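The next block holds one structure in the form of structure tokens; read it before the comments.
The values are calculated or read from the model by the stated rules, or taken from the named source; none is laboratory data. Please read these numbers as outputs of a predicted model, since none were measured by experiment. We place every Cβ from the backbone using ideal geometry, glycine too, and count neighbours over all the protein chains shown.
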Amino acid sequence: MRIQNHPILSFNRGKQIKFYYNGKELIGYEGETIGAALYANGVFKFSESKKLHRPRGIFCAIGHCSSCLMTVDGVPNVRTCITPLKDGMKVESQNIGVEINE
Amino acid sequence: MSKIENLELLVVGGGPAGLSAALAAANYGIKVSLAEEREFLGGQLIKQTHRFFGSEKEYAGTRGIDILRKLIDEVNKNKNIEVLLSSRVLGIYEDNVVTILNDHKMKKYYPQSIIFATGASEKFLAFENNDLPGIFGAGAVQTLMNVYGVMPATNVLMIGSGNIGLIVSYQLLQAGVKVAAIVEAAPKIGGYSVHASKLRRLGVPILTSHTIKKAIGKEKVEGAVICELDNDWNEVKDTEQLIKCDAICLSVGLTPLVDLLKQRKVKTTYVSELGGYVPLRDENMETSIKNLFVAGDVSGIEEATAAMIEGQIAGLSVAKRIGKNNKKEIEKRIEEGKNELELLRSGPVGKKIRKGLSKLGLNHGKNYNENFSEEALDISHLMKTGVPSEENLKNKLPSEEKVFDKGPIAISECFQRFPCDPCVKSCPFNAISENGNINNIPYVDFEKCTGCGICVSKCPGLAMFVVHKNFSETTSVVIMPYEFLPRPHKGEIVKVFDREGKYLCDGKVIRILDGKFQDKTAAVSIEIPKRYYLQARNFKVEE
Ligand code: SF4
Ligand code: SF4
Ligand code: FES
């Protein structure tokens, strides 16, 4: 969901663009991050943890925690919370996290 | 081998401390390169929609986002500053060579001096299911809603009642998100009381001596189980309750981001009062390594105002060392900065910082006076609940009821000693005084106050009200600050609430001051039945 009116801020959104989340076409805006665009589309589960397949989404939104990693245009482990959204981007869930005891 | 670029000063981090540091040095002719890992400057300032506390000299009363605009403007205009965006510092080596990654390319720099203003990261909290989507750090919530205009959720449970937790809760409400409650493990509220009171007036419960046990939900948060804690922080039996929410926001503190400093083998030490491992440093912000300075949260967790002053001190210290002229003037400005910092830290809320600094072996200046720390009022009830006690209020009201007969007068509902003075500075009639120290509690001189209402929009804590008791035979008027949408219309009937967010009565909007001067904190005059003039402190407009 997007904030339409705000008492303090005004949001100057960029051009509307298309992108894909696990093959599904979604709309976002130029200038926002992949993570913000997913959230605005009601997508909270980005990927799954490697071993227990627990859902993962945004935690820190500033590139510090690795909870939001996804495969973007074929490149795995992209921090979607700080990566700008581009027209036609293919964003896919992946298994994230390292197993320490293996 | 790529060639190494020589620099006079490298500032790492484009937040309030880094920007201030770059400006301070560049203004004395130092060539500065400012590296920021994001594609824009501002650090956490970019999310701060509220007005800042602190002293007028350092932008108090101005919204964080507006302070940022000014700083960025100055940086862009300054020919001595080169801004390196999307530039992540990856390494710093023993010979002081720094590697920076930009657009998949690695570059090497050899700076004569470095100021690290890398800020802090959020602390985490252990509880069952704490990895579910919908559990955020407070900063993430702010980024989503204030930077990108995206609602993080519809109903949030806030964990932690420090200033960040309180401020973000208020910002959530402004964005149209419900806040189910604020949960605080300590027996008292961590942040400033004015922030807490603001939320209570809006009906948000603050549950001190409570903690979260687990998050509920499969794919994302659907609720949370919280419980009460006793004085020893143990769970009280049978106090579990289920809170419905679709997000849990963690605001349990910050810790300095010292990784790069450690890489360079800067001496660090653990100081809990400052948030964790912090670099040893002197009063000029220089670390154990010569020409390597720090500023802002990386040197210890404090407010943004302090971070900006520290940045200035670090920048000026570099200018003093490598600059050729103006040494006397620079020295004077460094002294001024230090005095300003001391003043900010001199009250009771600065006690923790002072203790932390003393563990770093830093000398307390002449402005520190530990005796001053005693609270002037007993605010234990206020700090437990966010609502001032009868006693607190009595202390701030005119001693004689007949003062209310003379006309509208300002009531300051600010009961805590902390560094803040926009109310004092805003009053054109000098009717508000803090007795010379910014940490003192402001008192209104009812003789001088004309009830003009200017202070209502200027107080960052929304703690100033104007009360006109005898507006008519049967009604009073209260001027209240208002920072929400929709804005009320003149003549509209609104719901009026008390300090705990309880419905009192209906009121009629008779005047709205919402111009440039009010800067989005409207001052709204509401006419109410006379018997509520000392209780009515908030209102809501029906959508
Ligand atoms: S109402 Fe006006 S005169 Fe009274 S304290 Fe506020 S600013 Fe000063
Ligand atoms: S009343 Fe004055 S000191 Fe208190 S929060 Fe408002 S401006 Fe600051
Ligand atoms: S949400 Fe933490 S790295 Fe993206």
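A search for C-beta distances below 6 Å between a residue of segment A:22-46 that is at the interface with another protein chain (Cβ under 9 Å from one of its Cβ atoms) and any residue that is among the acidic types (Asp, Glu), counting only pairs 6+ apart in sequence or on different chains, returns A:LYS45/B:GLU219. Regarding B:ILE289, is this residue of a type in the set (Val, Ile, Thr) and over 22 Å from B:PRO16 (Cα atoms)? It is true that B:ILE289 is of a type in the set (Val, Ile, Thr) and over 22 Å from B:PRO16 (Cα atoms). Listed conditions (1) more than 14 Å from every other protein chain (Cβ to nearest Cβ); (2) surrounded by 15 or more Cβ atoms within 10 Å (Cβ to Cβ); (3) at pLDDT below 95 are all met by B:GLU527, apart from (3). Considering segment A:55-74, the residues that are facing chain B (nearest Cβ under 7 Å) and more than 6 Å from ligand 3 (Cβ to nearest atom) include one that is nearest to A:PHE19 (Cα to Cα), namely A:GLY57. Where residues in segment B:127-139 are over 17 Å from B:LEU166 (Cβ atoms) and either in contact (Cβ under 8 Å) with a residue 60 or more places away in the chain or more than 7 Å from chain A (Cβ to nearest Cβ) (or both), which of them is surrounded by the most Cβ atoms within 10 Å (Cβ to Cβ)? Out of the qualifying residues, it is B:ILE135. Restricting A:PHE19, A:PHE59 to residues that are in a loop (DSSP other than H, G, I, E, B) and either of a type in the set (Phe, Trp, Tyr) or within 16 Å of ligand 2 (Cβ to nearest atom) (or both) narrows the list to A:PHE59.
Got at least one residue in segment A:82-92 being of a type in the set (Lys, Arg), more than 9 Å from every other protein chain (Cβ to nearest Cβ) and assigned to a loop (DSSP other than H, G, I, E, B)? So far as segment A:82-92 goes, yes, one or more of its residues are of a type in the set (Lys, Arg), more than 9 Å from every other protein chain (Cβ to nearest Cβ) and assigned to a loop (DSSP other than H, G, I, E, B).
Restricting attention to segment A:1-16, which residues are at the interface with another protein chain (Cβ under 8 Å from one of its Cβ atoms) and in a loop (DSSP other than H, G, I, E, B)? Answer for segment A:1-16, where residues must be at the interface with another protein chain (Cβ under 8 Å from one of its Cβ atoms) and in a loop (DSSP other than H, G, I, E, B): A:MET1, A:ILE3, A:ASN5, A:HIS6, A:PRO7, A:ILE8, A:LEU9, A:PHE11, A:ARG13. Only one entry of A:SER93, A:SER66, A:SER49 meets the criterion of being over 13 Å from the mean Cα position of the chain (by Cα), away from ligand 1 (no atom under 16 Å from the Cβ) and hydroxyl-bearing (Ser, Thr, Tyr), and that entry is A:SER49.
Apart from one condition, A:LEU52 fits all of (1) away from ligand 3 (no atom under 16 Å from the Cβ); (2) more than 30 Å from B:TYR482 (Cα to Cα); (3) at pLDDT 95 or above; (4) not charged (D, E, K, R); the exception is (3). Of everything in segment B:422-438 that's more than 13 Å from ligand 1 (Cβ to nearest atom) and surrounded by fewer than 22 Cβ atoms within 10 Å (Cβ to Cβ), which residue is farthest from B:ALA376 (Cα to Cα)? The residue in question is B:GLY436. The residue of segment A:1-37 that is surrounded by the fewest Cβ atoms within 10 Å (Cβ to Cβ), among those that are at pLDDT 95 or above and among the aromatic types (Phe, Trp, Tyr), is A:TYR20. When segment B:456-501 is filtered for residues that are assigned to a loop (DSSP other than H, G, I, E, B) and either within 14 Å of chain A (Cβ to nearest Cβ) or basic (Lys, Arg) (or both), the ones remaining, listed by number, are B:PRO460, B:LEU462, B:LYS469, B:GLU483, B:PHE484, B:LEU485, B:PRO486, B:ARG487, B:PRO488, B:LYS490, B:ARG499.
Just to be sure I understand, how many residues within segment B:423-455 are assigned to a strand (DSSP E or B) and among the charged types (D, E, K, R)? Qualifying residue count, segment B:423-455: 0. B:PRO133 passes all but one of (1) farther than 30 Å from A:SER93 by Cβ; (2) in contact with a Lys or Arg (Cβ under 6 Å, 6 or more places away or on another chain); which number fails? The failed condition is (1).
Check segment B:43-61 and report whether any residue there is in contact (Cβ under 8 Å) with a residue 24 or more places away in the chain, more than 22 Å from B:SER317 (Cα to Cα), within 14 Å of another protein chain (Cβ to nearest Cβ) and among the aromatic types (Phe, Trp, Tyr). Yes, there is a match, as at least one residue in segment B:43-61 is in contact (Cβ under 8 Å) with a residue 24 or more places away in the chain, more than 22 Å from B:SER317 (Cα to Cα), within 14 Å of another protein chain (Cβ to nearest Cβ) and among the aromatic types (Phe, Trp, Tyr).
When you check A:GLY97 against the structure, is it crowded, with 23+ Cβ neighbours inside 10 Å and in contact (Cβ under 8 Å) with a residue 24 or more places away in the chain, yes or no? No.
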